Amino acid sequence: MSKTILITGGAGFIGSHVIRLFVEKYPHYQIVNLDALTYAGNLENLKEVEDAPNYTFVKADILEEQALAHIFAAYGITDVIHLAAESHVDRSISDPLAFVKTNVMGTVNLLNAAKKAWMGALDQHLFYHVSTDEVYGSLHEGGFFVETTPYDPQSPYSASKAASDHFVRAYANTYHMKTVVSNCSNNYGPNHFPEKLIPLCIHNIKSNKPLPVYGKGENVRDWLYVKDHARAIDVVFHRGKPGETYNIGGFNEWKNIDIVRLLCKKMDEKLGREKGTSEKLITFVQDRAGHDLRYAIDASKIKKELGWEPSLQFDEGIDQTIDWYLENESWLEQVTSGAYQEYYQKHYDNR
Ligand code: NAD
Ligand code: TYD
């Protein structure tokens, strides 16, 4: 069946992988990418599909009510996959309101636009909200987040994502909108903006700059290759049960310090540096305020009910990621020029 899907945040890290997958896999769908092109959005991420006949880019902000109404009407949007968000915990600590605006108010604005446009036929359209495992809070040594784990967000970022998840479910309950939510663990892979741990370390190792590890580097994250997340979004969009939540993750937990050491080891080999060279760049810096200790997703529901599981082993995914950054120097240079330098100095100089 033909669809015209509005994908928000398609110029960002995960969104660009979702757009590429949908444009290439579903030539009979029209894909409309709505993105405000904040510092995190980059149309370079979409070079391969920019001329595809089933792809359109629209520069707009999800906070703009009139622009959304126009887009739903002009393109005849049948479904939404909503990824647009402010996504960086550190930025949420210094500017929480920006996260309330985009993640909470922007999501509600988008829900309203969809509700209005689909009035009278709400059961025929899907609003898919892409969220994070961080809404569940912080784990200690044992246990996993399951879909019924109570929400307990601990950072302004996760609080804003939790609020947006609640609004999506409230619209399903109150207005009978057909919605689905997925909560995914930390992603890594090509096109990841180098403010996040893995691309930041790859960039700094390459440039022989200090590798800032917060606290003792003991915090644990569960890492999933971004293309596997995009595949999961495809599966949930097409086969997810309306009203349900699906946790997505790789059963792949790492302490931050171990990831940083692995990157050092692999990059020494790839760059022909003497063993141990890059590890000398590791610098322990002041911890993040309210730093969540551990995230770990139990992704057995999506495997059992929808047949999705990660396709790549971490070792292979990290190799592909490093290789992509080494082969795409101009991308890295472009995104780290200008505003990035200012952010970097402000955030790290006094740690
Ligand atoms: P990102 O920061 O790389 O990209 C966000 C995109 O949204 C950018 O292209 C940006 O320009 C756009 N955007 C921001 N504010 C906007 C606005 N007001 N209107 C329109 N567009 C706007 O983020 P990401 O890492 O690709 O994350 C995408 C989604 O997935 C987010 O909702 C995030 O919460 C969720 N998520 C991310 C991860 C992760 O590890 N990165 C894990 C789980 C869930
Ligand atoms: P990040 O990539 O920002 O993702 P999130 O906070 O959403 O999990 O950070 C991943 C982990 O790495 C987190 O525990 C914080 C830590 N970290 C550092 O130690 N140094 C850094 O420079 C950054 C950006 C993160």
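The values are calculated or read from the model by the stated rules, or taken from the named source; none is laboratory data. Small disclaimer: the values here were computed from a predicted structure and weren't measured. No Cβ is skipped: glycine too gets one built from the backbone with ideal geometry, and neighbour counts run over all protein chains shown. For accessibility, only protein heavy atoms count, side chains too; no ligands or nucleic acids. Shrake-Rupley method; radii C 1.70, N 1.55, O 1.52, S 1.80 Å.
Counting residues in the stretch 50-60 that are within 16 Å of ligand 1 (Cβ to nearest atom), polar (S, T, N, Q), over 16 Å from the mean Cα position of the chain (by Cα) and open to solvent by less than 50 Å² (accessible area, probe 1.4 Å) gives one or more. Screening Glu333 against (1) within 15 Å of ligand 1 (Cβ to nearest atom); (2) loosely packed, with under 15 Cβ neighbours inside 10 Å leaves a single unmet condition, (1). Open to solvent by 10 Å² or more (accessible area, probe 1.4 Å), modelled with pLDDT of 95 or more, under 29 Å from Gly142 (Cβ atoms) and not in a helix (DSSP H, G or I) - does that describe any residue in the stretch 242-251? Within the stretch 242-251, one or more residues are open to solvent by 10 Å² or more (accessible area, probe 1.4 Å), modelled with pLDDT of 95 or more, under 29 Å from Gly142 (Cβ atoms) and not in a helix (DSSP H, G or I). Tallying residues that are within 25 Å of the chain's Cα centre (by Cα) and over 27 Å from Leu139 (Cα atoms) within the stretch 252-297 yields 3.
In the stretch 199-224, the residue that is nearest to Ile81 (Cα to Cα) out of those that are within 12 Å of ligand 1 (Cβ to nearest atom) and either assigned to a helix (DSSP H, G or I) or open to solvent by 10 Å² or more (accessible area, probe 1.4 Å) (or both) is Trp223. Put simply, of Asp152, Asp123, Asp133 the only residue that is over 20 Å from Leu306 (Cα atoms) and within 16 Å of ligand 2 (Cβ to nearest atom) is Asp152. Going through the stretch 24-46 one residue at a time, which ones are open to solvent by 50 Å² or more (accessible area, probe 1.4 Å), assigned to a loop (DSSP other than H, G, I, E, B) and either of a type in the set (Asp, Glu) or over 15 Å from Met1 (Cβ atoms) (or both)? Hits for the stretch 24-46 are Leu37, Thr38, Tyr39. Among residues of the stretch 190-213 that are touching a residue at least 60 places away in the same chain (Cβ under 8 Å), those with a Cβ under 6 angstrom from a residue that is of a type in the set (Gly, Ala, Ser) and within 15 Å of ligand 1 (Cβ to nearest atom), sequence gap 6+ or separate chain, pair up as Asn191/Ser16; Phe193/Ala40.
Tell me whether the stretch 173-186 contains one or more residues that are of a type in the set (Phe, Trp, Tyr), open to solvent by 10 Å² or more (accessible area, probe 1.4 Å) and more than 16 Å from ligand 2 (Cβ to nearest atom). For the stretch 173-186, residues of a type in the set (Phe, Trp, Tyr), open to solvent by 10 Å² or more (accessible area, probe 1.4 Å) and more than 16 Å from ligand 2 (Cβ to nearest atom): present. Of all the numbered requirements in (1) of a type in the set (Val, Ile, Thr); (2) open to solvent by 20 Å² or more (accessible area, probe 1.4 Å); (3) part of a helix (DSSP H, G or I); (4) in contact with a strand residue (DSSP E or B) (Cβ under 9 Å, 6 or more places away or on another chain), Thr148 misses one, and that requirement is (3). Total residues in the stretch 301-321 satisfying the condition of being more than 30 Å from Ser92 (Cβ to Cβ) and among the small types (Gly, Ala, Ser): the figure is 2. Cβ-Cβ contacts under 7 Å between residues 6 or more apart (or on different chains), taken from a first residue in the stretch 297-310 that is under 23 Å from Val220 (Cα atoms) and in a helix (DSSP H, G or I) to a second residue that is open to solvent by less than 50 Å² (accessible area, probe 1.4 Å) and of a type in the set (Phe, Trp, Tyr), are listed as Lys301/Tyr246; Ile302/Tyr246; Ile302/Trp308. Of all residues in the stretch 120-145, those being in a loop (DSSP other than H, G, I, E, B), open to solvent by 50 Å² or more (accessible area, probe 1.4 Å) and within 21 Å of Ile5 (Cβ to Cβ) number 1.
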